[in-house]
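Q: Take this structure first; my questions come after.
The values are calculated or read from the model by the stated rules, or taken from the named source; none is laboratory data. In this text, all values refer to a predicted model and were calculated from it rather than measured experimentally. Ligands, DNA and RNA are stripped out before the accessible areas are found, and what is left, the full protein with its side chains, is counted by its heavy atoms. Shrake-Rupley method; radii C 1.70, N 1.55, O 1.52, S 1.80 Å.
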Amino acid sequence: MSQAAHMEIQRLRRMHQGMDLELLLLTGRPYISPTEMVEIRELKKRKLQLKDRIAWLEAISREHDDPEDGFARADAR
């Protein structure tokens, strides 16, 4: 994995963890307003997008590190 890819993955993971904390704070309140419900829904969507982006970057990095292994996995499908 390239240094740039590794750094980007780490950055995205930190963002994902930050969103986890935001969600924890929002959902831990005794009353959640409609506006906060929308915010919670948006945070969950962004977290999922980040998770998908991280998985994509890791897959691309693995293929780049060992392209033959990537072909073997594709052939196994």
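Q: Find how much the distance from residue 35 to residue 48 grows on full extension, using 0.36 nm per residue of separation minus their present alpha carbon separation; answer in nm with one decimal.
A: Result: 2.7 nm gained on full extension.
Q: Next question, about the same structure. Once the whole set of protein chains is in place, how much accessible area is left on residue 15, using a 1.4 Å probe, in Å² to the nearest 10?
A: Number for this one is 80 Å².
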